Structure formats: structure tokens, C-alpha cells
Amino acid sequence: MKPKFYRKVLKNGMTILFEKRANPVVSVAFAVRCGGINEASHEKGISHFIEHLLYKGTPKRSSKKIAEEIEGKGGLLNGFTDESITAYWCKIPSKHFNIALDVLSDMVKNPLFDEKEIEKEKKVIFEEINMGQDNPLHHSFKEIHRLLYKEPFGTPLIGTEKTLNSLTRKKILEKFQKVYTPNNMVLCVVGDANFKKIVDFSEKIFIGNKGLAPKQKIIKRNGSKTEKRKGIDQASLIFAYHFPTSDKKISHAANVLNVLMAGGMSSRLFHEVREKRNLAYAINGESVILRDFSYGLIYAGTKKENVQLIKKLIVEEFKKVSKELGEKELNRTKEKIIGNYHISMEDSQNQMVNLLMHEIDRNAKDAYEFEKNIRNVKLRDVKSLARIKKHSFFALVPG
């Protein structure tokens with residue numbers, strides 16, 4: 001049965017997304033169309049920093065009170081920053097839906113940006129940077145991003161100590177006031193709620209001037225780098241490649257290619273690298289496919305001496321797909337993707353994020369065309385994408 005979905009752009013410019021569900025749980029998110037893609041070099045990390053600070057209190061609520069009001073009702077509270085979006089969400093029993101709306105809207109409208117809290121939170125993010133640096137795989141993902149894109153987009157989303165130390169309360173407040181306006185915001189609700197009440201609340205609470213979140217120019221590149229580190233026993237490697245961003249149909253073919261290559265235990269590379277040759281415990285793939293930028297990557301952990309061999313096997317497997325892929329294997333991969341999608345979207349929180357990302361990219365309604373779009377992927381398009389002419393490669397090896 002097709003879900004009951006509602007989408008409306010209000011007079012104040014805010015976009016409302018709502019999927020009605022019968023379960024007595026609701027997932028709610030306020031999101032702003034701003035992330036790493038909107039940051040200049042001198043302010044890298046400011047979107048993520050603002051996300052942290054919005055949990056630090058408002059004139060009505062301390063940071064502890066914000067958490068207690070949601071968690072005290074059995075809810076979950078969190079947020080995330082991505083390259084094109086910053087979001088604040090909670091998942092809560094639907095009978096407490098009004099509390100979720102009240103708390104989250106207060107956060108995104110009335111943050112204190114207390115001077116002392118700003119300086120304290122910088123230290124927290126510095127520790128987050130250090131934690132990522134110490135994690136070999138996390139560090140490898142950061143470095144492959146640098147090899148795929150020039151600055152400012154290539155700089156990590158979290159920023160650097162230098163850029164974060166340059167962020168004063170004045171700069172943070174100016175960015176917030178410029179970006180956190182109704183026309184840049186999306187309210188997404190999935191669960192047992194009333195659409196009219198959501199709309200009425202948003203029209204009443206959100207009044208303000210229109211803001212701007214200009215995007216920075218994205219410049220693609222490719223490169224290779226090997227880095228040595230003492231104290232690790234295993235090498236981490238990532239093979240990455242750009243996808244075209246202009247054709248929407250190609251984006252679905254890119255998804256199929258990524259899953260075909262490294263999506264789980266039935267994928268080609270899992271069989272070739274682990275099952276056949278025992279070179280790694282696991283080899284996995286991810287893809288980021290958006291209007292402004294798209295790439296796929298494959299990553300694995302292995303012995304230092306196996307790094308170049310696995311890289312060679314990845315390249316060879318892409319060549320095989322470009323020449324040998326048939327309809328039977330393609331259709332099997334499509335069924336896998338569609339099945340995994342429906343299982344994942346059974347969770348209202350996952351569907352909330354899914355709708356948000358589709359809306360930020362183009363239109364949330366596209367999420368309901370997912371199965372049709374995957375089934376319509378053509379064999380020739382997947383084989384064409386597998387002809388990778390350029391790639392980036394990063395390896396972190398024991399030193």
C-alpha cells in the first residue's frame with residue numbers, strides 16, 4: 001500500500017514533509033539547507049559547530065533541560081551535519097509529539113550562543129577531530145575526500161583547529177542569522193501525527209526574513225597517497241571514483257554498480273577478495289549520489305603487503321563488469337537493493353532522513369519512486385559506469 005505522504009511549502013518559505021504511519025511513534029527533524037558545501041575555506045567546520053551549539057541551551061531551556069524533556073518521555077535526541085544539510089531530530093512516542101515540536105523549534109530559533117559554551121565546545125570538537133585521527137578507517141575516509149576534491153570542499157566537514165579557533169561568537173551568530181531562516185528550513189515528520197497541526201504550528205512559530213546559503217564551487221580531482229603510521233597492525237585502503245552528476249538516471253545506475261561491486265557478502269569483490277583469496281576479513285562499498293557531487297568508494301582492511309594486490313583486483317573487477325555483466329546478475333542486484341531499501345525504511349527514523357536527503361537534493365517525492373527507478377536501470381548504463389578512467393586511492397599502512 002502506498003504511504004500517505006504530504007509535502008507543502010508554506011508562505012514563510014518553510015517546506016513541510018509528512019508521512020503518516022499508524023505506529024504510536026513519531027520521528028521529527030528540523031533541517032537547514034546548509035552544510036560543508038556552503039562553507040568557504042576560512043569557516044570550514046562552522047555548520048557542524050553550530051549543530052553542537054544548538055544543544056547548549058535557549059532562554060527557556062538549559063542543555064540539560066533540552067535533553068530531559070525528550071529523553072524523559074522515552075525519546076531519542078540527536079543531530080547530524082552533512083555536506084548539504086544540518087539536522088536536529090528526535091524519535092519519541094507520538095503522544096508526546098507536541099513536546100518534540102516545542103523543544104526542537106526552540107533550539108533552531110533561539111540558541112543562546114553563550115561565549116563560555118562556545119569556547120568549551122571547541123575543546124569537545126578538537127577531541128572529536130583527534131578521535132577521528134586515531135581511528136584508521138575514519139582518517140582514511142577524510143584523506144580520500146581530500147584526494148577527490150580541491151579546497152574548500154576537500155577540507156573535512158568537521159573543520160580544523162585553525163578554522164575553528166577563528167570562529168568568534170559574532171561570526172557564528174552572523175552565519176546562523178543568515179542561514180537559519182524559514183525559506184532555508186525543512187520540517188520532516190514520519191509517524192502518527194496530524195498534518196494540519198504541523199502546518200499550523202510552523203506558520204505560527206516561524207516568521208522571519210529570507211536568508212541565503214550560497215554554495216561554494218566544487219572542483220573535482222584525483223590523486224593517490226600512502227601514509228605510514230606506527231602502532232597499527234592492519235592497513236586500511238580506499239579506492240574512490242567520481243560519478244557524473246548531470247543525469248538523474250545515471251545516479252540510480254551508480255547505486256546499482258556500487259552494490260554489485262561491494263555491497264555485502266554476495267558482492268563481486270567480497271567473493272574475489274575474501275572468499276576466493278582470503279586477503280581481507282571484509283571489503284565494503286559506499287556511494288554518495290547527489291546533484292552537486294557524486295562518488296563511489298570501496299574500502300578494506302588487509303596486511304600491508306596485500307594493499308597493491310587488492311587495488312589491482314578492484315581495477316580488474318571493474319573491467320570485468322564493463323565487459324561481462326549480464327541481465328541475470330543485474331536483476332539479482334536490483335532485487336537486493338530494493339529489498340534492503342524497504343527493510344531499512346520500515347524504521348521511521350531512517351525514512352525521516354531519507355525524505356530529508358531527497359528534499360535537499362531535489363524533491364522528497366522522489367523517495368517514493370526509488371523502486372521504479374532502480375528497476376528501470378539499464379544494463380548498458382551500469383557497464384558504461386564501470387569503465388573507470390580515473391580514480392583516487394589512499395592507504396594507511398603500518399610503519
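Nothing in this text is a laboratory measurement; each read-out follows from the coordinates by a stated rule. These numbers come from a predicted model, not from an experiment. Ideal geometry is used to build each Cβ from the backbone, glycine not excepted, and the neighbour counts take in all protein chains shown.
Brief remarks on what is shown
- At full extension, L10 and R332 could sit 111.7 nm farther apart than now, given 0.36 nm per residue minus the alpha carbon distance.
- Taking a ≥ b ≥ c as the square roots of the Cα gyration tensor eigenvalues, segment 224-398 comes out prolate, since a/c reaches at least 1.5 and a/b is larger than b/c.
- Rg over Rh, two decimals, segment 1-66 (C-alpha only, Kirkwood Rh): 1.08
- 19 Å Cα-Cα threshold exceeded, pairs from K91/K334; K171/K217; K320/K378: K91/K334; K171/K217
- Peptides 36-43, 382-389 ordered by average Cβ neighbours within 10 Å, highest first: 36-43, 382-389
- Charge dipole (the chain, unit charges on Cβ, about Cα centre) - positive-most of F293, A240, V382: V382
- Remark: the N194-T168 segment gains 5.3 nm on full extension, using 0.36 nm per residue and subtracting the alpha carbon distance.
- In terms of its alpha-carbon gyration tensor, segment 355-394 comes out oblate; a/c meets the 1.5 threshold, while b/c is at least as large as a/b.
- Dividing the summed -39500 (n - 2.57) terms of all DSSP H runs of n ≥ 4 by the residue count of the chain sets its mean residue ellipticity at 222 nm at -13000 deg cm²/dmol.
- The value of relative contact order for the chain, using C-alpha pairs under 8 Å at least six residues apart, is 22 percent.
- Global geometry of segment 4-205, whether rounded, prolate or oblate, following the gyration tensor of its Cα atoms and the 1.5 cut on a/c: prolate
- A simple spin-label model places the labels of S41 and I343 4.6 nm from each other, with each point 7 Å out along Cα-to-Cβ.
- The equivalent ellipsoid of the chain has semi-axes of 37, 27, 19 Å, largest first, where each one is the square root of 5 times an eigenvalue of the Cα gyration tensor.
- Peptides 348-358, 318-328 ranked from most to least packed by the mean count of surrounding Cβ atoms within 10 Å: 348-358, 318-328.
- When each of K225/K383; K20/K220; K204/K372; K197/K248 is checked by Cα-Cα distance, pairs over 32 Å: K20/K220; K204/K372; K197/K248
- Distance in nm between pseudo-label sites at R380 and K220 (7 Å out along the Cβ direction from Cα): 2.1 nm
- Partners of K323 within straight-line reach, counting aspartates and glutamates whose Cα lies under 15 Å from its Cα and excluding those fewer than 8 residues away in the same chain: D381.
- Too-long pairs where the Cα-Cα distance tops 30 Å, listed order kept, from K215/K389; K65/K215; K95/K365; K73/K120: K65/K215
- Take every pair of alpha-carbon atoms less than 8 Å apart whose residues are at least six positions apart; their mean separation over the length of segment 4-205 yields a relative contact order of 40 percent.
- Residue-span extension gain [E286 to E128] - 0.36 nm each, minus C-alpha spacing: 54.6 nm
- R0 of 45 Å, Cβ-Cβ distance Q308-N350: FRET efficiency to nearest 0.05: 0.75
- Label zone at E115, where the point sits 7 Å out along the Cα-to-Cβ direction: segment 157-187 residues whose backbone N lies under 17 Å: 166-174
- Think of each Lys and Arg Cβ as +1 and each Asp and Glu Cβ as -1; about the Cα centre, that makes the dipole of segment 4-205 roughly 760 debye.
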